[in-house]
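Participant: After the structure tokens below, expect a handful of questions from me.
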Amino acid sequence: SSWLAMQQNGERDADTCAYNDFALIRLPAGAAVNPTVPFWGGPTGLGTSTSALDRVYSYGNSSLRLGIELLKPKRGASLGTTGGGWSHQVYTLTPGIPGDSGSGFLDQQGRAFGTLSTLAVLPLPASNGVGDLAKELAYAKANGFGGVDLVPGTEPFNPNRLL
């Protein structure tokens, strides 16, 4: 948990404390996993930022979606970066909801740029705060998690799939 690491290290930067919301799990060596984002494919690599109106893609699997497949893939737009580069505000056709937290977000080229962190009420109702993955990974590496890296998906990214 980035929060625990920040507390242990006495982190004082306000933006880091407010927006670095990242958790890791340890997998056994040789564990078979597939990092491909359902529906969209990818990630193709690590994205570094988004600009206002850039297209974004995600997939939510919250139980609150009641298993309705049509509500799981999400396409939307970035509203830009905030919090000293630690967060991206995004709007998607269906916003990320409780249970979707931690979902990956892809940019227009299929690069992973963030992880779902918050659902906003104000000032941008139904927008989501997406933690900047590049900054979160760099922070983790700098604070004792040196083996953490993005693993590309095994399926090609396809932003043209119909919902």
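Participant: At a temperature of 4 °C and a viscosity of 1.567 mPa s, determine how fast the stretch 94-160 diffuses translationally according to Stokes-Einstein, using the Kirkwood radius over alpha-carbon pairs as Rh; express D in µm²/s, rounded to the nearest whole number.
Facilitator: D, rounded to a whole number, is 96 µm²/s.
Participant: Could I ask something else about it? Modelled label-to-label distance, L53 and K141, 7 Å Cα→beta-carbon offset: nm?
Facilitator: Output for this residue pair reads 3.3 nm.
Participant: Return the long-range amide H neighbours of F157 (sequence gap of 5 or more, or a different chain), with a cut-off of under 5 Å between placed amide H atoms.
Facilitator: G42
Participant: How do the peptides 44-55, 139-150, 89-100 rank, highest first, by the average count of neighbouring beta carbon atoms within 10 Å per residue?
Facilitator: Most protected by this proxy first, the peptides run 89-100, 44-55, 139-150.
Participant: Rg and Dmax in Å for the chain, alpha carbons only: what are they?
Facilitator: Expressed in Å, the Cα Rg and Dmax of the chain come to 15.4, 47.
Participant: In whole Hz, what ³J(HN,Hα) sequence does the stretch 56-65 give by Karplus (6.51, -1.76, 1.60; θ = phi - 60°), x for Gly and Pro?
Facilitator: These are the phi-based 3J(HN,Hα) values: 9, 9, 7, 9, x, 10, 5, 5, 5, 7 Hz.
Participant: Within 10 Å, count the other beta carbons around each residue, average over each peptide in 31-38, 61-68, 104-111, and list them highest first.
Facilitator: Most protected by this proxy first, the peptides run 104-111, 31-38, 61-68.
Participant: Still on this structure: Express the relative contact order of the chain as a whole percentage, based on alpha carbon pairs under 8 Å and six or more residues apart in sequence.
Facilitator: 27 percent
Participant: So, with a 1.4 angstrom probe, what is the percent of accessible area on the chain that is carbon and sulfur?
Facilitator: That share works out to 58 percent.
Participant: Among DSSP bridges having both ends in the chain, what percentage is antiparallel? Round to the nearest 5.
Facilitator: DSSP beta bridges in the chain are roughly 95 percent antiparallel.
The values are calculated or read from the model by the stated rules, or taken from the named source; none is laboratory data. Note that the structure is a prediction, hence the values are computed from the model and not measured. FYI the Cβ positions are ideal-geometry reconstructions off the backbone, even for glycines, and counts take in every protein chain you see. Only protein heavy atoms, including side chains, enter the accessible area calculation; ligands, DNA and RNA are left aside. Shrake-Rupley method; radii C 1.70, N 1.55, O 1.52, S 1.80 Å.
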